[in-house]
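Q: Take a look at this one; I'll ask things after.
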Amino acid sequence: MNQDDDLQREIRSHLESETSENLDAGMGPREAHLAARHAFGNVGSIRERVREARPTYWIETFIHDVRYGLRALLRTPVLAIAVILTLSLGIGLNAGIFSVLNGVMFRPRVQSDPATFVHLAPEVSGPEAPRDSSFPFSVSDYQAYLTGTHTLTTLAAWAPAHAPIDHSADTPILMLVTCNFFAVYGLDQPKMGRLFREEECATPGSAPVVLLSEELWRSKYAGDPQMIGTTIKLRRQAFTVIGIIPDRFPGRVRGPGIWIPYTMEAAILNGNDLFSKSDIVWLTIDGRLRPDQTRAAAQTELSGIARQRDRRWPGLKTTMFVTDGSMAAELRGKLWFFGPLVMGALTLILLLACTNVTMLLLSRAVARRQEIAVRLSLGAGRGRLMRMLLTESLILASVAGAISAWAAYSLSQYFERQFEPVWNLKPDWVVFAYLATVTLLAACMAGLTPSIESMRVDLSESLKGEEGSAGAGRRGGMRSFLVGAQVAMSLVLLTGAGLFVHAQTTIFSEDPGFETKQVLLVPLDATKPASFYQRVADEVRSMPGVQAVTLGDPPPMFGAEGGVVGDELRLPGQGKGSGVRASTMAVGGNFFDTLRIPILHGRALRDSDAPGSVVISQALAAALWHGRDPLGQRLLGPNDVPLEVAGIARDTKSDRFGEIDGPRLYRLRDPQSRGGVLGGVLMLRFAGDAVATEKAIRNLIHGMDRELLPVPRTLESMREEIASVFWRLARMVLSLGVIAILLAVIGIYGVMAFMVSRRMREIGIRMALGATKATIIRTVLASGIRPILIGLGVGSVLTAVGVIGLVQALRETPMAVDAADPIVYLAVAALLVGVALGAMFGPALRAARADPVSALRHS
Amino acid sequence: MANEDKLDLVQGTLDMLILRTLRFGPAHGHQIAKHIQRTTDDVLQVEHGSLYPALQRLARKGWISGKWELAKDRNREFKYYRLTAAGRKRLTVEESKWKRLATAIAQVMWPAAEN
């Protein structure tokens with residue numbers, strides 16, 4: 001302000017000089033003074049021009065605008081708070097979910113030098129192709145890539161597993177890793193002790209050493225400083241603790257976890273030797289690029305090695321992709337629907353919030369025209385005024401943005417706790433850049449229309465204070481458009497939420513086609529001889545309350561992640577490739593009785609049956625025989641094994657909730673089998689209390705072998721566990737829907753209240769002319785219902801598009817939505833119309849209750 | 001009410017006139033205004049106030065510098081402006097530019113044939 005004083009002094013000095021000259025020329029004192037002023041021009045505007053020429057002018061006026069904006073906002077604190085809350089809801093939710101998506105989808109799970117990190121993601125096809133594409137490599141694959149590569153400095157392989165520590169109930173995530181794993185994931189030094197040595201991965205089974213995560217060390221061992229060198233037992237093998245991995249190390253495990261050399265897998269995976277059977281795939285491979293190499297070069301090189309390895313099996317074709325290790329790259333478009341779908345929903349919420357704020361500010365903008373008119377007539381530039389008004393919405397959005405930053409942070413932390421803590425969801429610069437962009441956009445979207453509206457002033461009208469309801473047609477159109485848009489957007493969101501809730505209720509209400517509540521599933525270790533399991537089964541059968549017992553190989557039901565490919569089954573005479581793919585379950589003789597799966601035709605399997613006897617599901621019967629009677633018919637299994645149909649079982653609904661499973665083949669389990677890599681399961685149907693039976697079974701088996709401590713669970717609890725994951729998702733979508741409808745109600749209410757207050761004079765005239773209350777209410781409602789109906793129409797088109805996207809996105813998950821059910825759509829539309837009418841009713845009632853005289857005076 | 005014979009200043013020429021005025025030695029705002037008015041026989045109409053934004057602009061560009069000093073004859077302080085070395089150079093550039101412009105305009109307006 002020193003500069004201003006200086007100028008002031010200069011101007012005064014100038015005027016004095018001029019005045020004294022004029023006096024010398026013979027003018028009177030008053031005349032001399034006036035002439036000097038006249039010659040000088042408008043002092044105020046000159047000072048303003050000098051100020052404008054200053055380079056700091058922009059900042060100065062900005063500060064002025066901010067101050068003015070703050071004062072204006074403080075004058076209407078309720079409005080300001082409403083706007084900020086609405087914007088925070090829109091922006092915060094948006095940024096929070098974005099930070100989760102960003103953390104999960106676009107970030108490689110390493111912290112140090114992500115630029116050189118690579119992840120090998122092959123696509124394998126052919127008759128011998130492995131089913132699980134997450135763990136596509138065998139030990140020999142790993143060694144071939146490791147020795148063959150020149151573009152990568154190193155490659156590490158890993159596989160996750162679970163193992164109880166010292167037979168206790170908690171089973172942290174266990175990682176089987178190559179000994180260079182920590183080098184690839186960017187950890188040089190453990191917190192304590194040492195990392196693995198290269199020679200510890202040389203010979204299978206030779207190095208029983210283990211690294212613990214700091215979280216596990218603190219929670220389970222109270223951070224015992226003497227931990228290094230002690231032993232812990234994983235299954236039956238004692239492992240020496242050699243080091244502690246620091247807190248939050250991103251090596252595929254966050255939180256409690258342990259790492260052991262992958263050469264120790266036999267001790268963890270039930271004695272299966274995956275090193276001698278070198279073609280079993282179970283590993284994932286990551287690596288680091290040489291500094292001068294690119295991922296594309298690595299992909300070319302590794303594809304060459306993959307092609308050489310493909311020659312071992314006829315028809316095997318491996319397409320190698322080298323990615324940056326982020327989930328988005330890994331999925332390669334498979335679940336790409338999901339991101340846009342979620343972000344689309346969030347964008348709708350943001351738009352809803354913005355339209356709400358627009359409407360809130362709009363009502364004030366009109367109220368403010370008089371002030372603007374005064375400013376304009378005093379010579380303020382329109383551009384300058386516009387900037388002043390926009391600054392206000394920028395202030396609002398900035399406050400909302402700050403709240404949103406906090407929301408984004410806590411939301412991502414919440415999600416980190418909710419899901420398996422393998423992801424680092426902390427917001428990074430991408431999130432904050434996104435947040436800033438969204439905030440700025442929101443400020444412009446919400447602020448622009450009201451600012452333009454305030455500037456649209458007829459000077460003489462406004463100054464006279466006669467700006468009334470006349471000429472509001474175009475502006476009313478703007479508001480109708482906003483209401484329509486809100487209804488349309490809410491309809492889309494609510495329908496999505498409705499579909500999820502509908503799907504959720506079917507999960508719990510629908511009969512899956514087999515008994516779940518009274519069936520216990522007991523996982524068994526595969527290291528015992530087969531006769532031991534038979535003995536366990538016999539003992540369990542003789543327990544009180546146990547009604548039926550059976551042994552099975554893979555844990556049945558809920559195993560498939562949807563869209564199971566399965567083995568190909570053919571009729572005799574059908575060529576390879578023209579058959580039907582069906583999932584296969586190896587079951588004991590009592591399986592159908594134990595699970596109460598009805599045999600519709602023929603008979604169930606018996607333990608005495610020949611190994612070729614099978615029971616098929618209805619779906620398989622339909623797919624192979626097309627309505628003809630399959631009983632006693634022959635078919636060919638994998639490797640041309642001849643099979644004979646003994647019975648047809650009713651279809652079950654277990655793979656995807658609410659959807660009938662695909663074709664399924666039940667064959668008799670090999671009595672000598674000890675189960676696959678994961679061991680077998682014992683299933684039993686019981687009468688009475690589940691918890692007591694669980695405990696009795698656990699004690700019984702523990703009594704038969706001290707090393708076994710199985711955890712029996714009912715099928716129902718497993719079902720609920722899986723369902724709960726989707727319930728969480730459904731809840732999320734539902735809460736978005738609730739927020740949408742809340743925003744819509746606030747918005748519609750706001751608009752109606754505003755329109756009613758604008759039309760008060762007109763309403764007063766109508767009432768003075770004898771209109772009844774009912775007529776008034778009807779008029780007000782009628783003026784509001786049109787945009788709502790149009791919104792519903794446009795919304796249903798958008799909804800159709802959204803639903804198609806949703807169905808696509810869920811195709812790869814065990815969750816199915818019934819998009820054809822009209823109940824959801826009708827319910828949502830009815831709800832929305834009801835809520836909208838409710839929101840309009842309040843203002844309409846207010847209009848009808850108004851006293852005609854005071855309404856006429858109101859202007 | 002404006003005198004038909006008086007001219008508004010051409011955009012940008014005020015700067016040049018100020019620089020030219022200061023070539024005769026330091027002057028304060030009022031003196032500059034009076035000088036311009038006097039030397040053009042009151043033909044050029046300069047609103048005194050408009051001098052000040054121009055002075056600010058020139059000072060910021062480093063062509064002139066201003067300082068409050070006591071006037072010699074009177075016991076009063078004025079803010080005196082003087083030409084800097086850069087301003088002197090600038091004035092030469094402006095002058096030659098102006099000369100070329102004036103010549104060019106003159107050639108269009110009064111071609112040699114009519115002379």
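The values are calculated or read from the model by the stated rules, or taken from the named source; none is laboratory data. Computed from a predicted structure; not experimentally measured. Neighbour counts run over all protein chains shown; Cβ positions are idealised from the backbone, glycine included.
Q: Scan the stretch A:706-713 and give yes if some residue there is in a helix (DSSP H, G or I) and either at pLDDT 80 or above or surrounded by 15 or more Cβ atoms within 10 Å (Cβ to Cβ) (or both), otherwise no.
A: Checked against the condition, which is being in a helix (DSSP H, G or I) and either at pLDDT 80 or above or surrounded by 15 or more Cβ atoms within 10 Å (Cβ to Cβ) (or both), the stretch A:706-713 yields no hits at all.
Q: Sort through A:S219, A:S213, A:S276, A:S206 and tell me the only one that's among the hydroxyl-bearing types (S, T, Y) and buried (at least 17 other Cβ atoms within 10 Å of the Cβ). Steps first, answer last, please.
A: On the way: A:S219 fails: buried (at least 17 other Cβ atoms within 10 Å of the Cβ); A:S276 fails: buried (at least 17 other Cβ atoms within 10 Å of the Cβ); A:S206 fails: buried (at least 17 other Cβ atoms within 10 Å of the Cβ).
Being among the hydroxyl-bearing types (S, T, Y) and buried (at least 17 other Cβ atoms within 10 Å of the Cβ) holds for just one of A:S219, A:S213, A:S276, A:S206, which is A:S213.
Q: Another question about this same structure. Tell me which strands (runs of 3 or more DSSP E) are completely within the stretch A:133-225 and hold 2 or more residues being among the aromatic types (F, W, Y), or say none if there are none.
A: none
Q: Right, something else. Looking only at the stretch A:685-703, filter to residues that are surrounded by fewer than 14 Cβ atoms within 10 Å (Cβ to Cβ) and not basic (K, R); which one of those is nearest to A:M585 (Cα to Cα)?
A: Top of the filtered list is A:A687.
Q: On the given criteria, is B:L9 more than 11 Å from chain A (Cβ to nearest Cβ), surrounded by 13 or more Cβ atoms within 10 Å (Cβ to Cβ), at pLDDT below 85 and closer than 23 Å to A:V43 by Cβ?
A: yes
Q: Assess whether A:E52 counts as being surrounded by fewer than 17 Cβ atoms within 10 Å (Cβ to Cβ), out of contact with any Leu (no Cβ under 7 Å at 6 or more places or on another chain) and without any contact (Cβ under 8 Å) to a residue 60 or more places away in the chain. Please lay out each step first, then the result.
A: On the way: surrounded by fewer than 17 Cβ atoms within 10 Å (Cβ to Cβ): yes; out of contact with any Leu (no Cβ under 7 Å at 6 or more places or on another chain): yes; without any contact (Cβ under 8 Å) to a residue 60 or more places away in the chain: yes.
When the stated conditions are applied, A:E52 passes them.
Q: Going by the conditions given, is A:S99 within 14 Å of chain B (Cβ to nearest Cβ), in contact (Cβ under 8 Å) with a residue 60 or more places away in the chain and in a helix (DSSP H, G or I)?
A: no
Q: Criterion first (touching a residue at least 60 places away in the same chain (Cβ under 8 Å), closer than 30 Å to A:A297 by Cβ, out of contact with any Leu (no Cβ under 6 Å at 6 or more places or on another chain) and more than 14 Å from every other protein chain (Cβ to nearest Cβ)) does A:S125 satisfy it?
A: Judged against the criteria, A:S125 is a match.
Q: So, one more: Taking the stated definitions as given, is B:L70 more than 10 Å from chain A (Cβ to nearest Cβ) and within 21 Å of A:I46 (Cα to Cα)?
A: Criteria not met by B:L70.
Q: Restricting attention to the stretch A:620-635, which residues are surrounded by 20 or more Cβ atoms within 10 Å (Cβ to Cβ) and either of a type in the set (G, A, S) or within 14 Å of A:A582 (Cα to Cα) (or both)?
A: Just the residues of the stretch A:620-635 that are surrounded by 20 or more Cβ atoms within 10 Å (Cβ to Cβ), to begin with: A:620-621, A:624, A:630, A:635.
Selection gives A:L620, A:A621, A:L624, A:L635.
Q: On to the next question. Take B:V93 and tell me if it is aliphatic (A, V, I, L, M) and either within 14 Å of chain A (Cβ to nearest Cβ) or more than 28 Å from A:G44 (Cα to Cα) (or both).
A: Yes: the conditions hold for B:V93.
Q: Still on this structure, please answer the following. What tally of residues in the stretch A:517-532 results from selecting those that are in contact with a Leu (Cβ under 8 Å, 6 or more places away or on another chain), at pLDDT below 80 and not charged (D, E, K, R)?
A: 3
Q: It is to be established whether one or more residues within the stretch A:716-728 are of a type in the set (A, V, I, L, M, F, W, C), touching a residue at least 12 places away in the same chain (Cβ under 8 Å) and crowded, with 22+ Cβ neighbours inside 10 Å.
A: no
Q: Pick from A:T231, A:T263: which is among the β-branched types (V, I, T), surrounded by fewer than 20 Cβ atoms within 10 Å (Cβ to Cβ) and either within 21 Å of A:Y142 (Cα to Cα) or out of contact with any helix residue (DSSP H, G or I) (no Cβ under 9 Å at 6 or more places or on another chain) (or both)? Show your work before the answer.
A: Values: A:T263 fails: surrounded by fewer than 20 Cβ atoms within 10 Å (Cβ to Cβ).
A:T231 is the lone residue from the list that is among the β-branched types (V, I, T), surrounded by fewer than 20 Cβ atoms within 10 Å (Cβ to Cβ) and either within 21 Å of A:Y142 (Cα to Cα) or out of contact with any helix residue (DSSP H, G or I) (no Cβ under 9 Å at 6 or more places or on another chain) (or both).
Q: Still on this model: Has the stretch A:636-646 got at least one residue that is surrounded by fewer than 16 Cβ atoms within 10 Å (Cβ to Cβ) and at pLDDT 85 or above?
A: yes
Q: Given the residues A:R49, A:R75, A:R109, A:R67, which is the only one that is of a type in the set (D, E, K, R), farther than 17 Å from A:A353 by Cβ, away from chain B (no Cβ under 14 Å) and in contact with a Pro (Cβ under 9 Å, 6 or more places away or on another chain)? Quick ask: steps written out before the conclusion?
A: Numbers: A:R49 fails: away from chain B (no Cβ under 14 Å); A:R75 fails: in contact with a Pro (Cβ under 9 Å, 6 or more places away or on another chain); A:R67 fails: in contact with a Pro (Cβ under 9 Å, 6 or more places away or on another chain).
None of the other options fit; the residue is A:R109.
Q: Determine the pairs where a residue that is outside any helix (DSSP H, G or I), located within the stretch B:45-64, has a partner that is among the β-branched types (V, I, T) with Cβ atoms under 7 Å apart, the partner being 6 or more residues away or on another chain.
A: B:V46/B:I36; B:G62/B:T84; B:W63/B:T84; B:I64/B:T84
Q: Can you pull out every residue in the stretch A:1-46 that is at the interface with another protein chain (Cβ under 8 Å from one of its Cβ atoms) and among the basic types (K, R)?
A: The answer is A:R9, and nothing else.
Q: Does A:L682 satisfy being buried (at least 18 other Cβ atoms within 10 Å of the Cβ), at pLDDT below 85 and not in a loop (DSSP other than H, G, I, E, B)?
A: It is true that A:L682 is buried (at least 18 other Cβ atoms within 10 Å of the Cβ), at pLDDT below 85 and not in a loop (DSSP other than H, G, I, E, B).
Q: Quick check on my filter: what residues within the stretch A:65-81 are touching a residue at least 40 places away in the same chain (Cβ under 8 Å) and either over 21 Å from A:V751 (Cα atoms) or not β-branched (V, I, T) (or both)?
A: A:D65, A:V66, A:Y68, A:G69, A:L70, A:A72, A:L73, A:L79, A:A80 - these are the residues of the stretch A:65-81 that are touching a residue at least 40 places away in the same chain (Cβ under 8 Å) and either over 21 Å from A:V751 (Cα atoms) or not β-branched (V, I, T) (or both).
Q: Any idea how many residues of the stretch B:35-49 are under 19 Å from B:F78 (Cβ atoms) and either hydrophobic (A, V, I, L, M, F, W, C) or at the interface with chain A (Cβ under 8 Å from one of its Cβ atoms) (or both)?
A: Qualifying residue count for the region: 4.
Q: Moving to a separate point now. Consider B:L101 carefully, then state whether it is surrounded by 11 or more Cβ atoms within 10 Å (Cβ to Cβ), of a type in the set (A, V, I, L, M), free of Cβ contacts under 8 Å to residues at least 24 places away in the same chain and more than 14 Å from chain A (Cβ to nearest Cβ).
A: The answer is yes for B:L101.
Q: Scan the stretch A:12-48 residue by residue and report those that are under 17 Å from B:Q56 (Cβ atoms), touching a Phe, Trp or Tyr at 6+ places or on another chain (Cβ under 7 Å) and of a type in the set (A, V, I, L, M).
A: A:I46
Q: Please go through the stretch B:55-67 and give me each residue that is more than 12 Å from chain A (Cβ to nearest Cβ) and either surrounded by 13 or more Cβ atoms within 10 Å (Cβ to Cβ) or under 20 Å from A:S17 (Cβ atoms) (or both), ordered by number. Working first, answer last.
A: Filtering the stretch B:55-67 for residues more than 12 Å from chain A (Cβ to nearest Cβ) gives B:62-65.
Hits for the stretch B:55-67 are B:W63, B:I64, B:S65.
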